[in-house]
1. For the subset of the range B:36-46 comprising residues that are surrounded by fewer than 24 Cβ atoms within 10 Å (Cβ to Cβ) and not basic (Lys, Arg), which member is nearest to the other protein chains (Cβ to nearest Cβ)?
2. Between A:56, A:65, A:49, A:17, which is part of a helix (DSSP H, G or I) and either more than 9 Å from chain B (Cβ to nearest Cβ) or under 24 Å from residue A:253 (Cβ atoms) (or both)?
3. Kindly indicate whether any position in the range B:302-309 is polar (S, T, N, Q) and within 23 Å of residue B:387 (Cα to Cα).
4. Report, ordered by the first and then the second residue, all pairs with beta carbons closer than 8 Å, sequence separation of six or more or different chains, a first member in the range A:94-121 that is more than 21 Å from residue B:63 (Cα to Cα) and within 14 Å of chain B (Cβ to nearest Cβ), and a second member that is modelled with pLDDT under 95 and assigned to a loop (DSSP other than H, G, I, E, B).
5. Would you call residue A:90 touching a residue at least 40 places away in the same chain (Cβ under 8 Å), of a type in the set (Val, Ile, Thr), assigned by TED's automatic domain parsing to the domain that holds residue A:172 and touching a His at 6+ places or on another chain (Cβ under 8 Å)?
6. Hey, could you check the range B:154-185 for residues that are assigned to a loop (DSSP other than H, G, I, E, B) and at pLDDT 95 or above and say which is farthest from residue B:136 (Cα to Cα)?
7. Quick test of your reading of the structure: residue A:144 fulfils all but one of (1) within 14 Å of chain B (Cβ to nearest Cβ); (2) out of contact with any Lys or Arg (no Cβ under 6 Å at 6 or more places or on another chain). Name the failing condition by number.
8. How about the range B:197-209: which of its residues are surrounded by 24 or more Cβ atoms within 10 Å (Cβ to Cβ) and either assigned to a strand (DSSP E or B) or charged (D, E, K, R) (or both)?
Protein chains: 2
Amino acid sequence: MARLVMKFGGTSVADVERIKNVAAHVKREVDAGNQVAVVVSAMSGKTNELVGWVNEAARLHDAREYDTVVASGEQVTVGLLSIALQEMGVAARSWLGWQVPIRTNGAHSTARITEIDGTNLIERLEQGQVAVIAGFQGIGPDNRITTLGRGGSDTSAVAIAAAIKAERCDIYTDVDGVYTTDPRIVAKARRLDKISYEEMLEMASLGAKVLQTRSVELAMVHGVRLQVRSSFDAPDAPQGGGEGANYNGPGTLVCGEDEIVEQEVVSGIAYTKDEAKITVQKVQDQPGVAAKIFGPLADASINVDMIVQDVSEEDKRTDVTFTVPASDLARAEDVLRKAQADIGFEELKSDTDVVKLSIIGVGMRSHAGVAQKMFQTLADKGINIHVISTSEIKVSVLIDAEYTELALRALHSAYELDAA
Amino acid sequence: MARLVMKFGGTSVADVERIKNVAAHVKREVDAGNQVAVVVSAMSGKTNELVGWVNEAARLHDAREYDTVVASGEQVTVGLLSIALQEMGVAARSWLGWQVPIRTNGAHSTARITEIDGTNLIERLEQGQVAVIAGFQGIGPDNRITTLGRGGSDTSAVAIAAAIKAERCDIYTDVDGVYTTDPRIVAKARRLDKISYEEMLEMASLGAKVLQTRSVELAMVHGVRLQVRSSFDAPDAPQGGGEGANYNGPGTLVCGEDEIVEQEVVSGIAYTKDEAKITVQKVQDQPGVAAKIFGPLADASINVDMIVQDVSEEDKRTDVTFTVPASDLARAEDVLRKAQADIGFEELKSDTDVVKLSIIGVGMRSHAGVAQKMFQTLADKGINIHVISTSEIKVSVLIDAEYTELALRALHSAYELDAA
C-alpha cells in the first residue's frame, strides 16, 4: 500500500469519455490498495476559451478577476471526475483550491504556493476516499482565487504530494516518458527508466516539454519522486518491469541521484530554437566593457544566456557574442543601440537562425573528455560552433539551425545512447 | 443616492458583447450616484452544457459534485462583468457565494439561503465599489458549494437586497414588466406600473414566467421592492415617468399594498395549461371518502389543486373532480387505481385538454360581485366551467382549453383592463 498523487493534464480530460478513462486509471491504483489524490487541469481548450473572453472584455484586466474566471475550468473537471469515480464505485470528492486550502502569495495569475495544509486530505485518504483536487489554483491572502500560471497543474501536483507525504507523484501526459532526445528527430532515441532531478531540470529548461521547470525544482527540494507516464495507455494494460511502490508500468522516474545506481555519463541531448545570437562588434577590450553591455540588458529584464568574447585584435578592439531569448531580440537590440555611445561599439549583428544543443548528464562530474567528444563529433561533421557554455552537468553549443538533425543524430551515437 | 441591487439573467449575459451592455446599465446607476450590487446568472446555454456533462458522467450523481460543476457558470460571468465595468472606469469586484458568504442549508442543488452577512459588501459599496455577485450559489454547512435550483438567481438577488438593506431590487429580464395578461394573446394587455407582492405571487404561481415564486415570497417577507424591467433597452435610453429613488424607467414595481394608492379590483388575469383534470366516478357519498381519495395522492407527493364534488344522486353515489399537475397525471391515475377497492369508485376519467384561468386582485377583498362577473362573462360566451376555486385575492376556473383566447379577451374587457 502506498500513497500516490496522480496528475492528468487537459488533453487527458478533454471530454467526459476521457474523464471516464482517467477514472479507470485511478480505480486501478485504488484497487491495488493505494491511497490516491488526483490533480486535474481544465478540459483542453476550455482555458483558452475563458482567456479569450477575458481579453474580449478588456485588453488590460484585473488579474484577480482573470483568476476567478480561468479557475472555473478546473472546477468543472474535479466535479465530473468525482462523479465518474463514484459511478465506478470508488469513493471520491472534489477539492477546490480554497477548500484544501492551497495557500499562495498574492501574485494573481502567476501565484506561488506558500503552504498546503494536508490534514483534511490525509484524513479522507485514510478513510479510503479519493481526493480529486483542482490543479493550477489556490487562495491568496485576500481570500480570493489565485492561479499559478500556465502549466501550473504540475506544480500543484508536486506540492500536494509533498503536503500529504506521497510516495510518488505520477504525471500522466501525452508522451510515455522522458527520452534521451527528441524521438521525432532521432529514431533511435530511447525512453529513460530513470533520470535525476538535476538532469530533468536542465532538460526542461532546455526545451523538453514534458514537465514544467518549476514543478521539477519543487520536487527536488521536497524529494518528491515523479513518474512521467502516458495517460493514453489502456488503464488495464499489463504493467511492465521497472521498480516503484505497487506500480510497475512504463514511463520515466525522476528522482534523486542516489536512486540511480548506474549513472550514464550523458543521459540526454536537448535542443532549443528559442535563442537568438547578438554580436557587438569592435568594442574596446578594457575592464568594464562587459558591464556596459550587459548592465542595460539586465535593467530591461532581458536574460543573457551564452557569452563569448573574441581574442583581442591589435587595435585593442574585440567582438562580444551572446544569446538572448528570440522573443526579446528586438527589445535587446533597441536597448543596445540606445547605449551605443556609452558602450562604444561599431556595429551590431544578430541571427535567429541558430539552435542551442546541450548534452546533459550528472556523470560528467566524474568523467573527463565529455565536452571534447562533443566538439570532435561536431567537427567531424563539419559543423561550426559559434558559442560554448558549460555547467557542472551540461555542455551547450550554439550552431547554425540547419545542422540540428545531423548534429543530434551524430551526438546521440557518439555518446552510445542509441537504442539497440 | 440610493442602494440598489440589479439582477441580470442568462440571456442578458449570453456573450461578452451583452455583458458590456449590462456594464453600461450598471454604470448608468453608478453615475446617478447609487451604490450598486449586481447579481448575475451564467451565460445562457452554459448551465445546460454543464448539466449535460454531469448527466453524461453518471445518470445518478452526487448533488455536491453537481453543484461544484454547475456553479462554475456564474463564476465566469462575475469575473467578466467586473472586468467590463473596470474597463468603463467603474470600480468593481466579483464575489462568489463562499466569499460573501451566502450561507445555505445543506440541500445540495435545491438549497435555501439561511444567512447572508452583508458587512463586507456594505463596506465596499460605501467605498464606491460595485459588488458583482454570483447568483444561484452559496456555501453549505459542509464548506462546499451549494446551488439554489433553477432560476435561483432571482432569489439570490432578493436575499442580497435584504442583507444590504437596498432600496430596490431591479430584476432585468427579457420582458419590460408585468402585464395584465399575456400580451401574445390579448393585444390590449397593459403593462402594470405597480403590483402587490400578493398579486405577483399568484401571477407567478399561475404561470406568469417573469419572476420565480420563491423570490417574490422572500421579497414580501423582507419588504424588498422589486422592479421588473427589460435588459434589452439601451442603457442610455431616456428614463420615463413613474416613481422610485433615482430611477424612473419603465417596468413594473412589485411592492407592498400600502405603496399602491388606487387599487384595481382585478389587476391581472393568468392562465396555465399545466393542469390535468381527474374525475373519480360514483363513489359513496359518506364521511371519509375524500380522505380515501386524497390520502394516497398526498402520500405520493402529488399536489391536488382544484376540487369539486357533485351533489349526491339518489343512490348515495357522487363524482369527485379535481386537478393535478399534468406531469403527475399518469402517476396519479396509477395511485388511484391501486386504491380502487378501498375508495370504492366505479370509473376514473381524466382530461388534459383543459386550462385554468384566474383573475387576481387584492381589491377583491373589499368588492362584492367580482366572481359573479367572471361567471356571467364566461356564460355569455357559452363557455362551460368545470371546476371553481377561490382564495381571498383570486378566483380560478377550469375550462376547456379551446376557449382560452376567447375567455381571456372577454374577461380582460369585462374587468376594464384593456389599454386605451
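1. In this case the residue turns out to be B:43.
2. A:49 is the lone residue from the list that is part of a helix (DSSP H, G or I) and either more than 9 Å from chain B (Cβ to nearest Cβ) or under 24 Å from residue A:253 (Cβ atoms) (or both).
3. Yes; the residues of the range B:302-309 include at least one that is polar (S, T, N, Q) and within 23 Å of residue B:387 (Cα to Cα).
4. Matching pairs, first to second residue: A:101/A:117; A:109/A:149.
5. Judged against the criteria, residue A:90 is not a match.
6. Checking each candidate, the answer is B:167.
7. (2) is the only condition that residue A:144 fails.
8. Result: B:199, B:202.
The values are calculated or read from the model by the stated rules, or taken from the named source; none is laboratory data. Everything numeric here is computed off the predicted structure, so don't read it as measured data. Cβ coordinates were reconstructed from backbone atoms using ideal geometry, including for glycine residues, and neighbour counts include every protein chain displayed.
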